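Let me begin by presenting the structure, written as structure tokens, before commenting on it.
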């Protein structure tokens, strides 16, 4: 069998494989993978979100306070009046001999503006450059977090892109019902800020006699119970741990009540901090706080190792699943607001699909007829290759779960023209070589080499 025959055999095998492989995808049958349609073709939800970046700066300040608290407790450094404000942390160092150790720790944290007086009263804020960096990183993190949540939720090809300094554009193809829209919005906007906080046992009985400002003066905050707003807790303002240390969260069911609960797992560092705190606070209460509400406040009976915990409440299975997704994908570093919402109807997509399909079919038929009339058998072979090319393109798109948009359909139409253009050039070159007296085998070989 000569080289030309080998090429023909390979060509027809590839053609057969491509057509068989791509038929389920091309016809969008129930079997095999599907091609998702973009927002411009099937409609869906378009939202413009705004990120409240100043809240991210407040969160950074709170994390600095937690670092100071953990370090001073670990190193037995005495401090007093540790207060967290929206833009700074303040405290007083009681032992001057520990100043050098504390300053070395603070120097390791980048972007701090540290002021202190002769009475060793510290005021820690962020530099202007660090504030801008925190805001910029907050928007970038929100983009990544929202994308991860939507991916884990199972939505097909969501588009999450940054627009400007503080805005984010979210496009969700296929969202059509009001229920789906509300569920998607709830998942996107849920802060999922998990905090493990200590209850101020020294003033716990005074919670209903204190205002929020008075509590803040003691370094405490007042938070409501998630199930009963009339029940309030007085908690230490600085959390022991935050959701940034959560590495996994799963839904399970309480063996006694059969209610959905969320089991979470902490990182190695989080597990160490959690274990140290529970060992030193046996007999005290620990509050599990999610998005500013207390879900449980159990008494610590013993040191809790292993770095795991549980969030219980009146969750439905769906709510618990959404919270678990939000915890796994990470808390939002700052709240987000829906600035604009548009429901894109599928009518434009249907018209676009119809017009593109007509253009593709009409162009394809004209090209096929031209190739057969002008090139005869060679045109038939080129047409078979063209059909195979289209089938394989669609099959590969389905294999990788690609989304077909209006520009994508235009690209397929353009592929037909480009493929035929290549075949025309090759066939014309073969004709020239035949007219020069070359053999058929040599003309075909040199025609494809384009020399």
Filter region 74-103 for residues that are in contact (Cβ under 8 Å) with a residue 12 or more places away in the chain, part of a helix (DSSP H, G or I) and more than 27 Å from residue 128 (Cα to Cα); which is farthest from the chain's Cα centre (by Cα)?
-> 96
Within region 417-428, is even one residue in contact with a helix residue (DSSP H, G or I) (Cβ under 6 Å, 6 or more places away or on another chain) and either farther than 30 Å from residue 355 by Cα or at pLDDT 75 or above (or both)?
-> yes
Under the condition of being at pLDDT below 90 and under 24 Å from residue 270 (Cβ atoms), which residue from region 80-100 is surrounded by the fewest Cβ atoms within 10 Å (Cβ to Cβ)?
-> 82
Does residue 394 count as at pLDDT below 70, under 41 Å from the mean Cα position of the chain (by Cα) and not assigned by TED's automatic domain parsing to the domain that holds residue 175?
-> no
Give region 167-185 a look and list any residue that's touching a helix residue (DSSP H, G or I) at 6+ places or on another chain (Cβ under 7 Å) and either on the phi < 0 side of the Ramachandran plot or not assigned by TED's automatic domain parsing to the domain that holds residue 250 (or both), or say none.
-> 168, 170, 171, 172, 173, 175
When you look at residue 269, is it without any contact (Cβ under 8 Å) to a residue 40 or more places away in the chain, farther than 16 Å from residue 326 by Cα and in contact with a strand residue (DSSP E or B) (Cβ under 7 Å, 6 or more places away or on another chain), yes or no?
-> no
Name every residue in region 301-317 that is touching a residue at least 40 places away in the same chain (Cβ under 8 Å) and surrounded by fewer than 17 Cβ atoms within 10 Å (Cβ to Cβ), in order of residue number.
-> 308, 310, 314, 316, 317
Inspect all residues belonging to region 341-352 and state whether any of them is at pLDDT 75 or above, under 30 Å from residue 142 (Cβ atoms) and touching a strand residue (DSSP E or B) at 6+ places or on another chain (Cβ under 8 Å).
-> yes
Screening 175, 188, 238, 199 for residues that are more than 28 Å from residue 88 (Cβ to Cβ), surrounded by 17 or more Cβ atoms within 10 Å (Cβ to Cβ) and modelled with pLDDT of 80 or more leaves only 188
Residue under evaluation residue 164, criteria (1) at pLDDT 90 or above; (2) exposed (fewer than 14 other Cβ atoms within 10 Å of the Cβ); (3) assigned by TED's automatic domain parsing to the domain that holds residue 244, criterion not met = (1)
Out of the residues in region 213-233 that are under 19 Å from residue 82 (Cβ atoms) and in contact with a helix residue (DSSP H, G or I) (Cβ under 7 Å, 6 or more places away or on another chain), which is surrounded by the most Cβ atoms within 10 Å (Cβ to Cβ)?
-> 221
Might you let me know whether region 292-303 holds any residue that is modelled with pLDDT under 80 and in contact with a helix residue (DSSP H, G or I) (Cβ under 7 Å, 6 or more places away or on another chain)?
-> no
Select from region 199-229 the residues that are in contact with a strand residue (DSSP E or B) (Cβ under 7 Å, 6 or more places away or on another chain), within 28 Å of residue 322 (Cβ to Cβ) and in contact (Cβ under 8 Å) with a residue 40 or more places away in the chain and list them in ascending order.
-> 199, 223, 224, 225, 226
The lone condition residue 169 fails out of (1) touching a residue at least 24 places away in the same chain (Cβ under 8 Å); (2) part of a helix (DSSP H, G or I); (3) under 19 Å from the mean Cα position of the chain (by Cα); (4) more than 21 Å from residue 319 (Cβ to Cβ) is (2)
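The values are calculated or read from the model by the stated rules, or taken from the named source; none is laboratory data. The shown structure was predicted, so the numbers you read here are calculated from the model rather than taken from an experiment. Cβ sites come from the backbone with ideal geometry, for glycine too, and all protein chains shown count toward neighbours.
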